[in-house]
């Protein structure tokens, strides 16, 4: 299946891209998506994960067509 | 309860924003007994360094939805008539306003507490990220917000 991956802020710079369409096996978690999309870099422990713009757990299973976003702790306001 | 959330690149003038918002919601006049307002502005120092500029990034779509949800949640916890959140993104200079949170209610307890609740949730959960430019031209990401409570 294919999922859309997005990286934001410092993670985008670390990974070296803002996002990609990623091919992955039919059963995959958000953490699996990270491994497939981040070029083998381990996921930093404080990374926040959102699937379809909802916060979620890295162990959440994703579906074909999902938008999977990874970003560092937020610093707005 | 009304909710208005805006994220934009333009200069934020919080007091003008409040005046025009109140004009546009004139039907609430007479019912409102309290307005709670928070304005956050950019400082020219952080973590022992002088900061000359800042770039603010967000996650278009998720950030707006998240803020609307925070306001709706505040509306469940307190008796509110109206909520407004305006947040800058893009390039920001010291002393410029970054964020405006305003809450209107019949009584002050609701306005004070809901305004604080929305602001603290925004600081800890809304997807925004700051990158600071220092006086030597170097840039660094802000890694975490200070605790508000």
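Quick note: the coordinates plus some simple rules give every number you see, no bench work behind them. This is a predicted model, so every value here is computed, not measured. We place every Cβ from the backbone using ideal geometry, glycine too, and count neighbours over all the protein chains shown.
A few remarks follow.
- Each label point was placed 7 Å from the Cα along the Cα-to-Cβ direction; for residue B:73 and residue B:28 their separation is 2.0 nm.
- Taking the fewest neighbouring Cβ atoms within 10 Å as the starting point, the ordered list for B:132, B:120 is B:120, B:132.
- Taking the DSSP beta bridges with both ends in chain B, the antiparallel portion is around 80 percent.
- Between the range B:6-38 and the range B:39-66, the Cα center-to-center distance that results, in Å: 22
- Based on DSSP H segments of at least four residues, each scored -39500 (n - 2.57), the protein assembly as shown has a per-residue ellipticity at 222 nm of -8000 deg cm²/dmol.
- Residue exposure proxy: A:71, B:117, B:112, ordered by other Cβ atoms within 10 angstrom of their Cβ from fewest to most, comes out as B:112, B:117, A:71.
- Principal-axis tilt of helix B:108-125 within chain B, Cα atoms, nearest 10 degrees: 30
- Compared with the dominant Cα axis of chain B, that is its longest principal axis, helix B:14-24 is turned about 30°.
- Gain in span if fully extended, residue B:135 to residue B:10, counting 0.36 nm per residue against the direct Cα distance: 42.6 nm
- Within 10 Å of each Cβ in A:8-20, the average number of Cβ atoms from other chains: 2
- Over chain A, Cα pairs under 8 Å with separation of 6+ residues give a relative contact order of 40 percent.
- Residues B:63, B:83, B:135, B:146 in ascending order of nearby Cβ atoms (within 10 Å, fewest first): B:146, B:135, B:63, B:83.
- Computed E for residue B:55/residue B:109 - FRET, C-beta separation, R0 41 angstrom, nearest 0.05: 0.65
- Separation in nanometres of the label points that stand 7 Å from Cα toward Cβ, at residue B:20 and residue B:41: 2.0
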